[in-house]
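Asks: This structure is in structure tokens; I'll ask about it shortly.
Every number here is computed from the coordinates shown, using simple stated rules; none is lab data. All values reported here derive from a predicted model rather than from experimental measurement. In this analysis, Cβ positions are derived from the backbone assuming ideal geometry, glycine residues included, and neighbour counts consider all displayed protein chains.
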Amino acid sequence: MVKLYIWIMAAITSLSSAIGIVYAQEPHPVKLSEIVVTATRTEKELADVPASTSLVKKEDIEKNNIQALDQALNALPGVFDRRGKGLMDTQASITLRGVPGQQRTLIMVDGITLNKAYDGTVLFGGFAPEDVEKIEVVRGPFSSLYGGYAMGGVVNIITKMPEKSEVIVKGGYGTDNTWGTYASYGDKFKDKFMVFLSYAYKSTDGYVTDYNVQSTKPPAGTNGWLPTMSNLGANRYLIGDKGNNGWYNESLNVKAGYDFTKTSKLRASFMRNQYEYKYDDPNTYLLNATGTPAYKYGAVSESTFLGGPGGTTQNIYSASYETELSSVKAKASVSLNELEKSWYVTPGTTVSTTRFGGPGTVSSSPSRAYSTDLQFTLPMFKKHILTVGGSNRYAWSDTEERTLTYWKDKDSTTNLTYQSRGKDRTFALYVQDEIILRDNLTAYLGLRQDWWKAFDGYANDVGKAGYPKGYGSTDSSSISPKGALVYTPYKETILRTSIGKAFRPPTLYELYRTWTSTTGTTYAGNPDLKPEKSISWDIGIEQKLWHGFRFKGAYFESYIDDLIYSRTITPTFQDKINVGKAEVKGFEIEGTQKFDAGVTLFANYTYNNAKVRDNDVKPQTEGKRLTFVPREMFNIGFDMERGAFKAHCVGRYVGKRYSDDENRDRTDGVYLSYDPYFVTDAKVSYAVTKFATVSLAVDNIFDRDYFSSYQAPGRKWYVEMTLKF
């Protein structure tokens, strides 16, 4: 497979070379330098940053059919977008360079951490892609600047701030009765005061994503069921589904800014995102001897057909001020990331729970994270640019589970059955020195010290022996150094290399979430967990080979110690422990050919050899691939712009993933499997007038049928009209 993809890349390169000669004599416009801030915490030209960095601009988002914000990154090298069922997926995540788990990749919006205090995941649902100015993706360890979560890298979503008056109105409709609307207004008054307002709404009836698969064969005389298999290859029986998985989300964004001078700026913002999902009436495939639909047999009850609703409401508040005093740049920021609501309903498992009602459980996990940051940047001794700063983050989370008298009504709560809560805080100091060794050689040396503490841990599995439990505090400190070199030996050649250390403290979920399932199995947190640590290095090249063609390539390695792992002590008791060692070795290559005729070809390939090195508590996992990490990813496509017409097409391949730590789930094409897949998406748009554009997007053009645990989306279309004034 690797040889095939490299051969395809070589063929595209050769074709691009031949076509490029035809257009080599045509004039082409001069482009302004692209500025990024995430890699160094200071403004740098993209070509000068000391890390493998991708920039997704608002124009890139507009030419794709982006229904959820994380999809804007799914064709980038080294980036894995885990989204299994389209718009409705609540477990979507972005991970970089084979480092598994969203809690090991930092996601920010305007510099504010989005990773939840509860479990380190990110809620992408509800963010409006239209609000985004650009997204900066920086690969590699960045704890030296950003602390925890940044083991695989950093994704910084930067939203719009207007420089002139602009009004945008959008409306769209597509498959599964999907509706989308968006409206925004932005303006700048007297070159001083800026304001931006937006509102977005999207809803869909969805499709069948979750199936009822049983291990017990329906009795003789029952028809309609289908034989299938589990992802481990055992015989199973498909007897129905949970109905269409519907969804809606909406967002409100308010931003304001005031420029006192060209170097003194005040910014403030409020974002509110929320979504809810649901399941329509379930479908049974079972027919009894008289042809009547059946929802139960033997020990299989009607409750197995049911899927409960859920939703979240997230509020993000922020304010920042930056100024320049003499040659010193200073910036201060404060933020609050509040998960006001985060809930889901689980229908009961007894015969009294049916599609018409009965008892259930509602779980809620609200949280808050307060952050402050102060940073100074100053030149020193002509060849040094020093960045120093400090940050503080305080967070809490509180999980409750309550019984419901009527599972269809999340407000019909009665008794508290479970509660866990905890707090943590991190204080940090960091410094980075940018050293200009020569005109074409720059070194970056960074160091950050984090002091982390978790406290006020509590768990109460109501009615169970030994509860409630209170936990003492635990703390740790970590030093995260990093060094990097950027060398430009020739005008069109850029060489980069870096090495750094990163860490990730355990989440409140891993520390304190202890609970016992209805089957009697206890899943215990561990308040004595230590932070995970990693050492990573990479080396890369960026090269312009001929007119319009640019090649990028990088090789990387990461070594993770004290990996937090779930340990089975007895068949009815599991806990978490620092035990494992893991490693990731891989490379990423990409090529882009731009033609003066308005056509761009692009392709990229990523290889991740991510595996467990040591695991004393479960040696049979050693040498196995890390869960949810594809070994290979490949993207190929083109952009075309001719006057008022634009077209974009991309084919995306994602290799096999495993959810089982022993990699035993090898059966593909069944519910709960993680199949390799190749899908092709396209979007065309036409500017009808100066102010109005219409577009048609088709995802999964060839209707590829596959599973990413859930049933993945089939062919979907979406038409849209955009008005800009």
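Asks: Kirkwood Rh over alpha-carbon pairs of segment 2-724, then Stokes-Einstein at 10 °C and 1.306 mPa s: what D in µm² s⁻¹, rounded to an integer? List each step's numbers first, then the result.
Replies: Values: Rh = 27.3 Å.
For the chosen part, D equals 58 µm²/s.
Asks: Tell me, what HN-Hα J-couplings in whole Hz come from the Karplus equation 6.51 cos²θ - 1.76 cosθ + 1.60 at θ = phi - 60° for each residue of segment 468-476, using x for Gly and Pro?
Replies: x, 10, x, 10, x, 6, 9, 8, 7
Asks: Something else now. Students often forget the sequence filter, so: which aspartates and glutamates lie under 13 Å Cα-Cα from LYS408 once same-chain residues fewer than 8 apart are removed?
Replies: Within the straight-line limit of under 13 Å, LYS408 reaches these aspartates and glutamates: ASP280, ASP281.
Asks: Compare the Cα positions of LEU325, ASN212, GLY140 along the charge dipole of the chain (+1 at Cβ of Lys, Arg; -1 at Cβ of Asp, Glu; about the Cα centre) and return the one farthest towards the positive end.
Replies: Going by the charge dipole, the pick is LEU325.
Asks: Could you order the peptides 237-249, 417-429, 339-351 from most to least packed, using the average number of other C-beta atoms within 10 Å per residue? Present the calculation step by step, with values, prior to reporting the outcome.
Replies: Working: 237-249: 22.5, 417-429: 20.4, 339-351: 17.6.
For the peptides 237-249, 417-429, 339-351, the packing ranking is 237-249, 417-429, 339-351.
Asks: Could you work out how much longer the chain between LYS217 and ALA319 gets when fully extended? Use 0.36 nm per residue separation minus the Cα distance between them, nm to one decimal.
Replies: Numbers: separation 102, 0.36 × 102 = 36.72 nm, distance 5.96 nm.
So the extension gain works out to 30.8 nm.
Asks: Right, another one. Give the aspartates and glutamates whose C-alpha is closer than 16 Å to that of LYS202, dropping any in the same chain fewer than 8 places away, or say none.
Replies: List returned: ASP70, ASP89, GLU130, ASP131, ASP176, GLU250, GLU276, GLU720.
Asks: Based on alpha-carbon atoms only, what is the radius of gyration of segment 328-448 relative to the globular estimate 2.2 N^0.38 Å?
Replies: Working: Rg = 25.2 Å, N = 121, 2.2 N^0.38 = 13.6 Å.
So the Cα radius of gyration is 1.85 times the expected 2.2 N^0.38 Å.
Asks: Provide, as a two-decimal number, the C-alpha radius of gyration of segment 659-702 over 2.2 N^0.38 Å, N being how many residues it has. Walk me through the intermediate numbers first.
Replies: Working: Rg = 19.2 Å, N = 44, 2.2 N^0.38 = 9.3 Å.
Here the Cα radius of gyration is 2.07 times the empirical estimate.
Asks: May I ask you to derive the FRET efficiency for LYS262 and PHE381 from their Cβ-Cβ distance with R0 = 30 Å, giving the value to the nearest 0.05? Present the calculation step by step, with values, prior to reporting the outcome.
Replies: Values: r = 26 Å, r/R0 = 0.87.
Once the sixth-power term is evaluated, E becomes 0.70.
Asks: So, in Å, what gap is there between the alpha-carbon centers of segment 577-592 and segment 629-656?
Replies: Measuring centre to centre over Cα atoms gives 23 Å.
Asks: Dipole size in debye (nearest 20) for the chain around its Cα centre, Lys and Arg Cβ +1, Asp and Glu Cβ -1?
Replies: Values: 86 positive and 80 negative charges, 133 e Å.
The calculated dipole for the chain is roughly 640 debye.
Asks: Let me ask you something else. What list of ³J(HN,Hα) values in whole Hz, one per residue of segment 183-195 in order, does the Karplus curve 6.51 cos²θ - 1.76 cosθ + 1.60 (θ = phi - 60°) give from phi, with Gly and Pro shown as x?
Replies: Values per residue, Gly and Pro as x: 9, 8, 9, x, 7, 10, 10, 6, 6, 10, 9, 10, 9 Hz.
Asks: Quick one: how many lysine pairs does segment 623-716 have with C-alpha atoms less than 20 Å apart and a gap of 8 or more or different chains? Give me the count, please.
Replies: On the way: LYS624/LYS656; LYS646/LYS683; LYS646/LYS690; LYS646/LYS716; LYS683/LYS716.
Close lysine pairs under the 20 Å cut-off: 5.
Asks: With an 8 Å cut-off on Cα pairs and a minimum separation of 6 or more residues, tell me the relative contact order of segment 2-724 in percent.
Replies: Working: 2085 pairs, mean separation 82.5, N = 723.
Worked out over segment 2-724, it gives 11 percent.
Asks: Follow-up question, since we're still on this one. With a point put 7 Å past each Cα toward its Cβ, work out how far ILE168 is from LEU445 in nm, to one decimal.
Replies: For the pair ILE168/LEU445, the computed spacing is 4.4 nm.
Asks: Excluding residues fewer than 8 places away in the same chain, name every one of the aspartates and glutamates whose C-alpha is closer than 15 Å to that of LYS618.
Replies: ASP562, ASP575, ASP660, ASP661, GLU662
Asks: What relative contact order, as a whole-number percentage, does segment 606-645 give when Cα pairs under 8 Å and 6 or more residues apart are counted? Could the numbers behind the result be given before it?
Replies: Numbers: 33 pairs, mean separation 16.8, N = 40.
Once divided by the residue count of segment 606-645, the mean separation gives 42 percent.
Asks: With a cap of 15 neighbouring Cβ atoms within 10 Å, and only residues DSSP puts in a loop, list the trypsin sites (Lys or Arg not before Pro) found in segment 617-693.
Replies: Numbers: sites: LYS624, ARG625, ARG631, ARG642, LYS646, ARG652, LYS656, ARG657, ARG664, ARG666, LYS683, LYS690; in loops: LYS624, ARG631, LYS656, ARG657, ARG664, ARG666, LYS690.
Sites meeting the loop and neighbour criteria: ARG664, ARG666, LYS690.
Asks: Taking the Cα atoms of segment 599-674, report the difference between the largest and smallest coordinate on each principal axis, in whole Å and largest first.
Replies: So the extents along the principal axes, rounded to whole Å, are 62, 27, 13.
Asks: Relative to the Cα centre, what is the charge dipole magnitude of segment 490-623, using +1 at the beta carbon of each Lys and Arg, -1 at the beta carbon of each Asp and Glu, and rounding to the nearest 20 debye? List each step's numbers first, then the result.
Replies: Numbers: 18 positive and 17 negative charges, 39 e Å.
Dipole of segment 490-623, to the nearest 20 debye: 180 debye.
Asks: Counting other C-beta atoms within 10 Å, which of VAL109, VAL167 has the fewest, and how do the rest follow?
Replies: Details: VAL109 25, VAL167 13.
With the fewest neighbours first, VAL109, VAL167 line up as VAL167, VAL109.
Asks: Here is a follow-up. Mind listing the long-range amide H neighbours of ASP81? Cut-off is under 5 Å, sequence gap 5 or more, other chains count too, H placed in the peptide plane at 1.01 Å from N.
Replies: none
Asks: Mind checking which of VAL154, ALA51, THR222 is farthest towards the positive end of segment 2-724's charge dipole, using Cβ charges of +1 (Lys, Arg) and -1 (Asp, Glu) about the Cα centre?
Replies: ALA51
Asks: Then there is this: Can you pick out the pairs among LYS331/LYS423; LYS423/LYS576; LYS44/LYS544; LYS262/LYS501; LYS134/LYS594 whose Cα atoms lie more than 29 Å from each other?
Replies: Beyond 29 Å between Cα atoms: LYS262/LYS501.
Asks: Treating the angle as unsigned and between 0 and 90°, give the value, to the nearest 10°, between the Cα long axis of helix 2-23 and the longest Cα principal axis of the chain.
Replies: 40 degrees
Asks: Same structure again: Place a +1 charge on the Cβ of each Lys and Arg in segment 53-110 and a -1 charge on the Cβ of each Asp and Glu, then give the dipole magnitude about the Cα centre in debye, rounded to the nearest 20. Show your work: numbers first, answer last.
Replies: Working: 8 positive and 7 negative charges, 41 e Å.
Result for segment 53-110 is approximately 200 debye, rounded to the nearest 20.
Asks: I need to check one value: relative contact order of segment 591-725, counting alpha carbon pairs closer than 8 Å and at least 6 residues apart, in percent.
Replies: Details: 306 pairs, mean separation 23.3, N = 135.
Relative CO of segment 591-725 lands at 17 percent.
Asks: Whole Å is fine, so just give me how far the alpha carbon centre of segment 287-340 lies from that of segment 103-168.
Replies: A separation of 16 Å, based on Cα centres.
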